[in-house]
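Just below is one structure, and these are the notes that go with it.
Please treat every number below as a calculation from the coordinates, not as lab data. On a predicted model such as this, the values are computed, not experimentally measured, just so you know. Every residue, glycine among them, receives a Cβ derived from its backbone with ideal geometry; neighbour counts consider all protein chains shown.
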Amino acid sequence: MADRQRDTAGRPTMAILVGGGPAPGINGVIASATIEAINSGLRVIGLLDGYRWIARGDCSHVVELRIEDVSRIHLTGGSLLRTSRTNPAQDERSLSLAVEALDQLGVRYLLCIGGDDTTYAAAKIAERAGGRISVATVPKTIDNDLPLPQNAPTFGFETARSVGAAVVEALMEDARTTGRWYLVVTMGRRSGALALGIGKAAGTTLTVIPEEFREEKLPFSHIVDTIAGAIIKRKAFDRDYGVALVAEGVAERLDPASLDLHAIPALAGVERDAYGHPRLADIPLGQLLREKLRLTLKELGVEATVIHKDVGYELRCAKPVAFDIEYTRTLGYGAVRYLLSGGSGALIAIADGRVTPLRLEELLDKDTGRVRTRLVDVSTEAYQVARSYMIRLERRDFEEPMLSRLASMTKLSPEAFKQRFLPVVELTTPELPARQTYHPD
């Protein structure tokens, strides 16, 4: 096996692959890792489409990487090696075929660029290979939901936030110009970090993230009424426009029983589970929120034009900002140095400016056996600052004279308004310190 892991020039082989969704900065890792590996006497190959082909035992989708192939790709978005979501650890056969394919290719070192699923699969490959293949993972996701030390961002997040903020800023100006509301759903499967980052940077009217709700199973009406309350409060201050940002992760928290299958056309084609509830993964969240919000506003006697837009795919292959370029070059270099020093089975992070390998077991949730999800900590000043600049109903708004002013924007009496909206406010994050209400354009 040792002979097979060297080419005709006697160089050990390192393979690089990319798994999961794209993120700005992937090419920076590929470039710096390739350059450092070749300069250290290794041969480098790229496995196209992540684990897809090797999980079938197919060794033909491979490219040799040279320094001249990668020297400037760190400035570009996307992935030179493409990517896929194939999981070779899903069954014993796929895992065995993946390891056999790597053996046939003579791979001594494997560098995987990806998120939690890619990291988990890489660890299983290293375990199955029994030391023949040393493995390292470089974490990437625009969701920023991996538990890195010192709350460091995952690479790609800073670019996604920057590009997303520019998109939302344009929508905010359109909303002001046309007198309408935009309902923007952003990526973030479990964490609201990306939505909050974009909303805070762009100064959106409000941002709704799953972490702000205390209930484990979230009634759909609570999300709708949170946004409706903001629209009503804006109208009370003579503004009929705004942008509400919603993290798609709220769908993971929804109580399926709270979705009205008959009243909302957007649910007509969604697959149901054994109990007749719509499968959350198939819910068109933006369309669903818009339709329910329109029905709710009409019921309350509030006139508002609501448009929905999904923002996410525009961000994943964007040209990386300088932060992610610099960050990924260090990660790629550090991953190679870690492998060549005899390391294996770690995720490569940076702490205090130093490359810091993290053992997979340090990242796993003991209950699920999967990599832990980093959620937004709503108790921090970072969240409180964002929350302070949002326009949304707060507990003090249910005192006079503000209560009557808000109720007058609807068909409800002050007492009925309080009964409708106060419970939702009380189930979200703690009240902020008393202050003058901020009402930006």
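Remark: C-alpha extents of the range 1-130 on the principal axes read 39, 35, 22 Å, sorted largest to smallest.
For each of Cys112, Cys317, count neighbouring Cβ atoms within 10 Å of the residue's Cβ, then give the residues from fewest to most.
Details: Cys112 27, Cys317 18.
Sorted ascending by nearby Cβ count, the order is Cys317, Cys112.
Cross-linked pairs Lys200/Lys366; Lys309/Lys411; Lys235/Lys309; Lys124/Lys319: Cα-Cα separations exceed 26 Å for Lys200/Lys366; Lys309/Lys411; Lys124/Lys319. Could you tell me the center-to-center distance, by alpha carbons, between the range 4-72 and the range 368-416 in angstrom? Value for the Cα centre distance between the two parts: 48 Å.
For a footprinting-style exposure proxy, rank Glu415, Glu158 by other Cβ within 10 Å, fewest first. Let's see the in-between values first.
Numbers: Glu415 10, Glu158 21.
Least to most surrounded, the residues fall as Glu415, Glu158.
Is the shape of the range 192-236 best called rounded, prolate or oblate, per the rule: a/c under 1.5 gives rounded, else a/b larger than b/c gives prolate, else oblate, with a ≥ b ≥ c the square roots of the Cα gyration tensor eigenvalues? Because a/c hits 1.5 or more and a/b fails to exceed b/c, the range 192-236 counts as oblate.
Could you give the alpha-carbon Rg of the range 95-205 over 2.2 N^0.38 Å, rounded to two decimals?
Details: Rg = 19.9 Å, N = 111, 2.2 N^0.38 = 13.2 Å.
Rg over 2.2 N^0.38 Å, computed on Cα atoms: 1.51.
Of the trypsin sites (Lys or Arg not before Pro) in the range 64-133, the ones in a loop by DSSP (not H, G, I, E or B) with at most 15 other beta carbons within 10 Å are Arg66, Arg72, Arg85. Once divided by 2.2 N^0.38 Å, the Cα radius of gyration of the chain becomes 1.11. Shape call for the range 339-382 from the C-alpha gyration tensor, a ≥ b ≥ c root eigenvalues: rounded (a/c under 1.5), prolate (a/b greater than b/c) or oblate? Because a/c hits 1.5 or more and a/b fails to exceed b/c, the range 339-382 counts as oblate.
Relative contact order (percent) for the chain, with alpha-carbon contacts under 8 angstrom and 6 or more residues of separation?
On the way: 910 pairs, mean separation 87.0, N = 441.
With pairs under 8 Å counted, the relative contact order is 20 percent.
Of His222, His74, His61, which has the largest mean-square fluctuation in a 10 Å C-alpha GNM of the chain? The residue that fluctuates most here is His61. Measuring between their Cα centroids, the range 238-256 and the range 305-327 lie 18 Å from each other.
Exposure proxy ranking for Met390, Met14, Met402, based on other Cβ atoms within 10 angstrom of each Cβ and starting from the fewest, stands as Met402, Met390, Met14.
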